[in-house]
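The values are calculated or read from the model by the stated rules, or taken from the named source; none is laboratory data. Everything numeric in this text was worked out from a predicted model, so none of it was measured. Cβ sites come from the backbone with ideal geometry, for glycine too, and all protein chains shown count toward neighbours. Surface areas here come from the heavy atoms of the whole protein model, side chains and all, with no ligands, DNA or RNA. Shrake-Rupley method; radii C 1.70, N 1.55, O 1.52, S 1.80 Å.
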Amino acid sequence: MKILIQRVKYSKCTVDSKEISKIGQGMLVFVGITNDDTAEDIEWLVNKMVNLRIFNDEDSVMNKSCLEINGEIMIISQFTLHARTKKGNRPSYIDAAKPEISEPLYNKFIETTNQITGKPSATGIFGADMKIELLNDGPVTIIIDSKNRI
């Protein structure tokens, strides 16, 4: 499982010209799921994500987590995080899990995040053609892969 975190001032998700969700200061998190991802991957990633010290303290040093600043979180499914680009110019998404596998894991990722933060996360609509608007703060953009934790 891979996540791409962007520290944002705000973010909003639109589907078919209708605003689905929005957040203020916090994290926009794109989640890419593969066939061999498990609940253990989710637990590790969510704990890493919410405790990642990427927000400024009073000395303008990235020393605070999303939890510590009471930031908001938006979680968006993103199968293209697992694109293979080695051969040719058309990315292959063979490593991305099919919806019957990825959607329940995506929902579990959201549920786990909500449990740990104690508040609901904003989300998109799984599998929809979403438009994401954001103001990246920094910019700060971090990729974490649960397979690279050792």
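Scan the range 68-86 for residues that are closer than 20 Å to residue 23 by Cβ and surrounded by fewer than 15 Cβ atoms within 10 Å (Cβ to Cβ) and report the count. Counting residues in the range 68-86 that are closer than 20 Å to residue 23 by Cβ and surrounded by fewer than 15 Cβ atoms within 10 Å (Cβ to Cβ) gives 3. Taken as a whole, the condition of being open to solvent by less than 80 Å² (accessible area, probe 1.4 Å), under 19 Å from residue 144 (Cα atoms), touching a Pro at 6+ places or on another chain (Cβ under 6 Å) and of a type outside the set (Asp, Glu) does not apply to residue 39.
The number of residues in the range 57-89 being in a strand (DSSP E or B), among the aliphatic types (A, V, I, L, M) and within 17 Å of the chain's Cα centre (by Cα) comes to 4. On the basis of being of a type in the set (D, E, K, R), modelled with pLDDT of 95 or more and crowded, with 16+ Cβ neighbours inside 10 Å, does residue 64 make the cut? Judged against the criteria, residue 64 is a match. The set of residues in the range 74-110 being among the charged types (D, E, K, R) and out of contact with any strand residue (DSSP E or B) (no Cβ under 7 Å at 6 or more places or on another chain) consists of 86, 87, 90, 98, 100, 103, 108. Candidates 95, 137: the one that is modelled with pLDDT under 95 and buried (at least 16 other Cβ atoms within 10 Å of the Cβ) is 95. Restricting the range 13-27 to residues that are of a type in the set (Ser, Thr, Tyr) and assigned to a strand (DSSP E or B), the residue that is surrounded by the most Cβ atoms within 10 Å (Cβ to Cβ) is 21. Is it fair to say residue 33 is touching a residue at least 24 places away in the same chain (Cβ under 8 Å) and in contact with a helix residue (DSSP H, G or I) (Cβ under 8 Å, 6 or more places away or on another chain)? For residue 33, the condition - touching a residue at least 24 places away in the same chain (Cβ under 8 Å) and in contact with a helix residue (DSSP H, G or I) (Cβ under 8 Å, 6 or more places away or on another chain) - is met.
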